[in-house]
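All remarks here apply to the structure that follows.
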Amino acid sequence: MSDYNCLTVVPEPQGFVAAVSGVDLRAPLSAAAQRELLQAWSRHAVLYFPGQTLEPAMLEQISTYLGPFGHDPYVKPKVGYEHVIEVRREARETAPIFGGMWHSDWSFQATPPSATLLYGDIVPPRGGDTVFADACRAFEALSPTMQNLLMPLNAVHSAAPAYGPKGLFARDDATRSMQIIVSPEADKTELHPIVRRHPLSGRASLYINHVYTLGIEGMRADESQALLEFLFRHMTRNEFVYRHRWQPHMLLLWDNRCVLHYADGGYDGHRRLMYRTTVAGERPRAARAA
């Protein structure tokens, strides 16, 4: 017997991803449907909803089912929508793909977003996949000795590699259609536990990423780099990865607290337009050894 009455939830083989159908997201969800949405999200860090024809205001409404809006620095919002970002790439663009390296959204914030919602308005005929890695399973696959080594450690996060004056977007070419904000504010740093405890599932996950994690508190640079490189390779092993292939009018939401993701290319010469919101999170809480 299904645990869901309002939704149909079908997990992918990877387990941390599921397809959701049986609901029209254009209309407000009932209280029962909202509870089931949260239940599905607590079980599957990535949910996708095929066949949803949404406007930006509808995306904002759906976001509020998960919590208050997050703060999205360094990218100007869509005109008329304070909380919606257009993730846009025109056919003529030659600038690097936005979000094209493994990351967890805005992990450099003191309270990074819990969720990101991304809606496919214009989907190219090929390429443009979003790729995810399960940071819970990656942690659980480590030896107990490595787990215990990592649990007391904090990592240094910063937006500098992307949005600082010497970051990636400071070197952009003129074809970029998204309005990126480069700022000295991005050079600030924030400490977060390398292993965080999920507030809903209680599972421990690795909370580091290739873009925003600069080092490990209390370690020399060479020590920190060696350990982080090992963990980055480990987290993105094939057995932890899911590749999502977009269809037009599909909504995707994911949990930044326990997955990494990146935007793939492969659609040069085609336009791609997505609408994105984030949901506010909490300060990461360190996991502790049992």
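Restricting attention to the range 151-183, the residues being more than 16 Å from Arg89 (Cβ to Cβ), touching a helix residue (DSSP H, G or I) at 6+ places or on another chain (Cβ under 9 Å) and not in a loop (DSSP other than H, G, I, E, B) number 8.
Only residues that are touching a Ser or Thr at 6+ places or on another chain (Cβ under 7 Å) and of a type in the set (Ser, Thr, Tyr) were counted in the range 38-54, giving 1.
Would you check if Arg196 is under 28 Å from Leu59 (Cα atoms) and either modelled with pLDDT of 95 or more or of a type in the set (A, V, I, L, M) (or both)? No. Considering the range 185-238, and only residues there that are outside any loop (DSSP other than H, G, I, E, B) and aromatic (Phe, Trp, Tyr), the residue that is nearest to Leu38 (Cα to Cα) turns out to be Phe232. The residues of the range 197-210 that are surrounded by 22 or more Cβ atoms within 10 Å (Cβ to Cβ) and not hydroxyl-bearing (Ser, Thr, Tyr), listed by number, are Ala204, Leu206, Ile208, Asn209.
Condition first: part of a loop (DSSP other than H, G, I, E, B), touching a strand residue (DSSP E or B) at 6+ places or on another chain (Cβ under 6 Å) and not hydrophobic (A, V, I, L, M, F, W, C). Now tell me which residues in the range 105-132 satisfy that. Those that are part of a loop (DSSP other than H, G, I, E, B), touching a strand residue (DSSP E or B) at 6+ places or on another chain (Cβ under 6 Å) and not hydrophobic (A, V, I, L, M, F, W, C): Asp105, Ser107, Pro113, Ser114, Pro124, Gly128, Asp129. Within the range 34-70, the set of residues being hydrophobic (A, V, I, L, M, F, W, C), surrounded by fewer than 18 Cβ atoms within 10 Å (Cβ to Cβ) and farther than 21 Å from Phe16 by Cβ comprises Ala57, Phe69.
The values are calculated or read from the model by the stated rules, or taken from the named source; none is laboratory data. It should be emphasised that the depicted structure is a prediction, and the values quoted were computed from it without experimental measurement. Note that we place each Cβ from the backbone using ideal geometry, even for glycine, and neighbour counts take in every protein chain shown.
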